[in-house]
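A short worksheet on the structure shown next.
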Amino acid sequence: MSNARTGHKQIVDRNPPATPAKTAILNYSIMAFPLAFAGLPIYLHAPDYYAVNLGQSLASLGIILLALRLIDAIQDPFIGSLSDRFHLHRPLIIAIGTLMLGGGFWMLFHPAFEAPLVWFTLSILICTTGFSVVTINLQTLGGLWKCTSGDRTRITGGREALGLLGLLTAAITPPLLASRFGTEAAFSWLTLAYLPLLVAAFWLLMSWMRTAVISTPLNTKSKSRWIDLLNDRWRMTFFGISFLNTFASAIPAVLVIFFVRDRLGAETYTGLFLLIYFLAGIASMSLWIKLAEQFGKFRAWQISLATAVVTFSWAVLLGNGDIVAYAAVCAFSGFALGADLALPPAILADHIEADQRQNEASRLFSLMAFLSKSALALATGAALPLLGLFGYVPNAPMSSELNFVMSLTYAGIPCVLKLVTLLWLLVLEKDLALSKTAVRR
């Protein structure tokens, strides 16, 4: 029987699955650490490494990275389709993705000096493809793990907390190694340390897969077409809200370095601000899990959006030297970040279970990844040119008009977008909420 309003099939399970043990969640989630760790060296440190150590043009490196980011986003739906088709071979798929991620990462910082730009392009393409393969399948496995609706929030929260920890470690480690060994030797040591970490995480994930109870697609050869999969009111609404929310968060992520240096005059504190932000995100996971259990995932998400709007609207008023106030903004907005990372994947996993979409689980999670990357690309392509139209030049004197435009772009526009997201979620909450009998308790 289907729910006419939500389109979710009624599922009654008199024998709900057991609550996953903490060690099982850790073994599953640990792969998120090396996945997140790889991101900063690839996109932040590698271009500087090739420009400074190998004398390559920043313009050429920027064009290559832009093209690779486009390819990286477009290939996600294809990866999702292939992962669904070969669901029974998912361990092999993850193994191939892990090899590509580790091999591409090693290649990136061990360049071929005869053709550095070709090597740069090839290594990042291999690395990011492997990253996408592992990420999409890791999220899918979490979504197909047989557990209660409340446990799904614990699973996604644990995974995303380890991802933030990996990102934070990646931000700290390269400068520390460079100060001790020099830049070139630092990244050589970084790759040597990264590969065993990646192998260990893969081994733990495979150990978890041997014991975890995973929902098996009813028929891996029978799947909806993409157009049929998207022609659903619940999914269209959910992905629309997720995209708008991600786009709102991506704008300040793109502009944070410029805002801190040119608006606050606090460039030396950039690392500290990021540390506060990510630590707050990690620390908030347990609270969002409890709020989701008590009030439901959608209400918890609404609370996080309201927190983000109230907190970040304060950033519009900040000016030169407001270091303590901005640190507080970082703490509270980082706090809201935890919900943005943990709740939407858990909600999508609930939908997959309720609507019996196990056949398309990888495609649905790959679509979420595609929208996230697209939102970041759109924010990059919109925010910086918008500031440029008003005459903004990085690391140059700021007029009062430019200060206002910078504050409005960095904090004002994201707050408006977050507020629209919140209102959209409030208005359509009944349409989005799964029926109580649709989700295993």
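The list (i) 22.0; (ii) 19.6; (iii) 20.9 gives values of mean projected area of the Cα convex hull in nm², and only one came from this structure; which label was calculated from it? Given (i) 22.0; (ii) 19.6; (iii) 20.9, the structure-derived one carries the label (iii).
Among the listed pairs Lys22/Lys373; Lys22/Lys418; Lys22/Lys146, those whose Cα-Cα separation exceeds 23 Å are Lys22/Lys373; Lys22/Lys418.
Given axes a ≥ b ≥ c from the Cα gyration tensor, I'd like to know whether the range 185-297 is rounded (a/c under 1.5), prolate (a/b larger than b/c) or oblate. Each step should come with its number before you reach the end.
Numbers: a/c = 1.93, a/b = 1.30, b/c = 1.49.
Oblate, because a/c is 1.5 or more while a/b does not exceed b/c.
Equivalent ellipsoid of the range 131-198: semi-axes from √(5λ) of the C-alpha gyration tensor, largest first, are 33, 13, 7 Å. Considering only Ser333, Ser313, Ser249, the Gaussian network model of the chain with Cα springs below 10 Å gives its largest mean-square fluctuation to Ser313. Note on Ser372: accessible area approximately 60 square angstrom, rounded to 10, probe 1.4 Å, nucleic acids and ligands left out.
Accessible surface ranking for Leu122, Leu371, 1.4 angstrom probe, highest first: Leu122, Leu371. In this structure, the amide hydrogen of Trp145, modeled 1.01 Å from its nitrogen in the peptide plane, lies closer than 5 angstrom to those of Ser215, counting only residues at least 5 positions away or on a different chain.
Taking each residue as 0.36 nm, the span from Thr237 to Phe404 lengthens on full extension beyond its C-alpha to C-alpha distance by 56.7 nm.
Contour minus end-to-end for Ser286 and Leu26, with contour as 0.36 nm per residue of separation and end-to-end as the Cα-Cα distance?
Values: separation 260, 0.36 × 260 = 93.60 nm, distance 1.43 nm.
Full extension from Ser286 to Leu26 adds 92.2 nm.
Using a Gaussian network model of the chain in which every pair of alpha carbons under 10 angstrom is joined by a spring, one finds that among Ser188, Ser132, Ser179 the greatest mean-square fluctuation is at Ser179. Placing a pseudo-label 7 Å from each Cα along the Cα-to-Cβ vector at Leu389 and Leu279 gives an inter-label distance of 3.9 nm. The calculated pair-distance distribution of the range 59-131 uses every alpha carbon pair, bins of 5 angstrom beginning at 0, and gives 3, 16, 21, 23, 16, 10, 6, 3, 0 percent. Positive end of the dipole of the chain (Cβ unit charges, origin at the Cα centre): among Phe238, Leu176, Gln356, the Cα lying farthest that way belongs to Gln356. Rolled with a 1.4 Å probe across the full set of protein chains, the surface gives Trp314 an accessible area near 110 Å².
Could you sort Val256, Val416 by their accessible area in this structure, using a 1.4 Å probe and putting the largest first? Each step should come with its number before you reach the end.
Working: Val256 30, Val416 90 Å².
From most exposed to least exposed: Val416, Val256.
Placing Phe33, Phe365 in order of accessible area, with the largest value first and a 1.4 Å probe, yields Phe33, Phe365. Listed by chain and number, the aspartates and glutamates whose C-alpha is less than 18 Å from the C-alpha of Lys297, apart from same-chain residues fewer than 8 away, are Asp151, Glu160, Asp340, Asp350, Glu353, Asp355, Glu429, Asp431. With protein chains left intact and a 1.4 Å probe, residues in the chain average 44 Å² of accessible area per residue.
Peptides 406-412, 271-277 ranked from most to least packed by the mean count of surrounding Cβ atoms within 10 Å: 406-412, 271-277. When the convex hull of its Cα atoms is viewed from all sides, the range 295-425 shows a mean projected area of 9.5 nm².
Measuring with a 1.4 angstrom probe and ignoring ligands and nucleic acids, Phe390 comes out at about 100 Å² accessible.
Element breakdown for the range 167-279 at a 1.4 angstrom probe: carbon and sulfur atoms account for 65% of the accessible area.
Normalising the average separation of contacting C-alpha pairs (under 8 angstrom, six or more residues apart) by the number of residues puts the relative contact order of the chain at 29 percent.
Using 0.36 nm per residue, how much length does the chain from Ala396 to Leu66 gain when fully extended, once their Cα-Cα distance is taken away?
Details: separation 330, 0.36 × 330 = 118.80 nm, distance 2.53 nm.
That pair, Ala396 and Leu66, stretches by 116.3 nm at full extension.
Rounded to the nearest 20 debye, the dipole size of the chain about its Cα centre is 1520 debye, using +1 on the Cβ of Lys and Arg and -1 on the Cβ of Asp and Glu.
The values are calculated or read from the model by the stated rules, or taken from the named source; none is laboratory data. This structure is a prediction, so every number in the text was calculated from the model and none was measured. Note: ideal-geometry Cβ built from the backbone for every residue, glycine included; neighbour counts use all protein chains shown. These area figures cover heavy atoms from the full protein model, side chains too; ligands, DNA and RNA do not enter into them. Shrake-Rupley method; radii C 1.70, N 1.55, O 1.52, S 1.80 Å.
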